[in-house]
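Comments concern the structure below.
The values are calculated or read from the model by the stated rules, or taken from the named source; none is laboratory data. Keep in mind the model is a prediction, meaning the values are calculated, not measured. We place every Cβ from the backbone using ideal geometry, glycine too, and count neighbours over all the protein chains shown. Ligands, DNA and RNA are stripped out before the accessible areas are found, and what is left, the full protein with its side chains, is counted by its heavy atoms. Shrake-Rupley method; radii C 1.70, N 1.55, O 1.52, S 1.80 Å.
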Amino acid sequence: MTDEKLPTRNENFSEWYNQVVLRAEMADYAPVRGCMIVRPYGWALWENIQQALDLRFKATGHVNAAFPLLIPMSFMEKEKEHIEGLSPELAVVTIGGGEKLEEPLVVRPTSETIIGHMYAKWIKSYRDLPVLINQWGNVVRWEMRTRLFLRTLEFYWQEGHTAHATADEAQAETLQMLETYADFAINEAAVPVIRGRKSEAEKFAGALRTYSIEAMMGDTRALQAGTSHNLGQNFAQAFDIRYLDTNNELQHCWTTSWGLSTRFIGAIIMTHGDDQGLVLPPRLAPIQVVIVPIFRNDDEKSQVMPVVERLRGELSGFRVRVDDRTEVTPGFKFNDWEMRGVPLRIEVGPKDVAKGTLAVARRDIAGKAGRTFVPQAGIAAQVADLLEDIHKSLYDRAIKFRDEHIVEPKDYPELKEIVQNGWAFAWWCGDAACEAKIKEETKATTRCIPLDQSAGSGRCIYCGKPASEKVYFARAY
RNA sequence: CGGGGUGUAGCGCAGCUGGCAGCGCACCGCGUUUGGGACGCGGGGGUCGGCGGUUCAAGUCCGCCCACCCCGACCA
């Protein structure tokens, strides 16, 4: 911990973000430009994210595997749009063991190609399908401007890669995984998201269709929190992934891929954080309850500590930390754990010992307003209820904030206004030219065409031509 | 790659017109403290980004180089 004051989100959101990440010890800058070090506290959060997702993947029939970090350059070049989209951000290994390599090896920016190559080898018959594999790993994309978690040269993620017999099945898988991400975001991270389809300009390089969950951050900018791609037969054709159908005819497979990265940590921070620091959603928080003992002398200590230990035992069903540091004052600890976003703090002092009470402070309600005294008896049930309630209130607050900042503009000048501090939801004719013009003039991009939109039609917010779909425009991370 | 800026202790900085390298925070020790960011005393810590030049003397002046940061074009 360094200085005492954190910049407020209003005065400087991005500096607030940087400071929170560093001071909460989520991550630090690496000696290599653009790279980050995920510190134990940040990684613990990632592990909880992994666990929540992995459970969902397994429940839908997926299995985990590991593919190589290095990919032959020729693999990357097999799918035209893929290499065109990714080539500017590739890291390439040209020397190995002191020798110039025959063929350069790409440090994976994503694994469609090498996995496609293997699928071609493994898949022979319709009986082999579907193949439902996920990989947890790291990837490298050579970024120019970087931010901790949000955009780094190397990041950690999971990438699912599936192969199916039919287009319908692949589409169903694509949407199922999008829904999985949305369920995770809402029910584990308390982050409200909008499910939608990406425009042609915004879709993944090589995909037929890309879907994403989009979240609004505390500064109203949009963040793509997870993506799911229907790759059609693009990669199946490029890598010759074929199977014999029941009529003994060779068919190309239909493949999908879907990913969610450590960027999601940034989404959590920017969705829930406040001017005191991090606010972590209870179901993912590495520490759900911190207990701060308070005493002035050894006599008080000997009264307080047994109660603290008893509490620790009663709360063994939760992730609990007892802060027994003697070198800092309780006041310092309060601020410290608030910076780190721990959902609940329990204070145990001599008065509590005498009265059989505890001071319980909920992180989602800042300062003393969120602090109440409760009886020690039945604390486990109270904690369970409070954590539930905090999850709910975080979600409600975030969705309220988001909806207050989504406006349907009546004309283009109004759209320009809106995207300065919010999202604009407007008719769009689907023409990439209009999209590009809007981006150029406002810095707002199309975020997604939401899946659930009422039928009807209107006129394109930019060109006025007939439009059949509404799209979100926003400045994005 | 284009425009702007900065390099002095772990971090943030001061160091004028060249003359023993400093301050705050952090860190270590001792004591007093402890229900919302404690205090006192003592202490450790430096190739002043690098190389070269001017000078009796360079953190300071000059030249070249390097690195990083911010703003633009690209992105999960």
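Details
- Burial order of peptide ranges A:329-337, A:116-124 (average beta-carbon count within 10 Å, highest first): A:116-124, A:329-337
- In the distance distribution for chain A, Cα-Cα pairs more than 37 Å apart total 36 percent.
- About its Cα centre, chain A has a charge dipole of approximately 520 debye under the convention of +1 per Lys or Arg Cβ and -1 per Asp or Glu Cβ, with nothing else charged.
- Counted over chain A, the DSSP beta bridges are approximately 85% antiparallel.
- Global geometry of region A:85-222, whether rounded, prolate or oblate, following the gyration tensor of its Cα atoms and the 1.5 cut on a/c: oblate
- Within the full protein context, the accessible area of A:Asp274 is estimated at about 20 Å² for a probe radius of 1.4 Å.
- Relative to its residue count, region A:1-89 spans a Cα convex hull of 208 Å³ per residue.
- For region A:61-122, the C-alpha radius of gyration divided by 2.2 N^0.38 Å, with N the number of residues, is 1.21.
- For region A:45-91, the calculated P(r), taken from all Cα-Cα distances in 10 Å bins from zero up to the bin holding the longest distance, is 20, 29, 28, 22 percent.
- For region A:13-272, the square roots a ≥ b ≥ c of the C-alpha gyration tensor eigenvalues yield an a/c of 1.5 or more together with a/b not exceeding b/c, which makes the shape oblate.
- Apportionment of accessible area to carbon and sulfur, chain A, percent (1.4 Å): 51
- Note on A:Asn10 and A:Glu103: with the Förster distance fixed at 60 Å, the Cβ-Cβ geometry gives a FRET efficiency of about 0.70.
- Shape summary of region A:327-429, radius of gyration then Dmax from alpha carbon positions: 20.9, 70 Å.
- By accessible area with a 1.4 Å probe, ligands and nucleic acids excluded, highest first: order of A:Cys429, A:Cys460: A:Cys429, A:Cys460
- Restraint check, A:Lys78/A:Lys416; A:Lys392/A:Lys470; A:Lys368/A:Lys443; A:Lys100/A:Lys198; A:Lys410/A:Lys443, Cα-Cα greater than 31 Å: A:Lys78/A:Lys416; A:Lys368/A:Lys443; A:Lys100/A:Lys198
- The reciprocal of the average 1/r between distinct C-alpha atoms defines the Kirkwood hydrodynamic radius, which for region A:127-176 equals 13.1 Å.
- Each 10 Å bin from zero up to the one holding the largest Cα-Cα distance in region A:289-386 carries the following percent of pairs: 15, 54, 29, 1.
- Straight-distance candidates among the aspartates and glutamates for linking to A:Lys355, with alpha-carbon spacing under 16 Å and chain neighbours fewer than 8 residues away dropped: A:Glu300, A:Glu347.
- Estimated FRET transfer efficiency when R0 is 56 angstrom, pair A:Leu451-A:Asp299 (beta carbons, to 0.05): 0.30
- Extension gain for the segment A:Thr246 to A:Val374, taken as residue separation times 0.36 nm less the Cα-Cα distance, is 39.4 nm to one decimal.
- Tensor-based shape of region A:398-477 (alpha-carbon gyration tensor, a/c under 1.5 rounded, otherwise prolate or oblate): oblate
- Net charge of Cβ neighbours under 9 Å - reference A:Tyr472; Lys, Arg +1; Asp, Glu -1: +1
- Solvent-accessible area per residue for region A:289-386 (1.4 angstrom probe, square angstrom): 49
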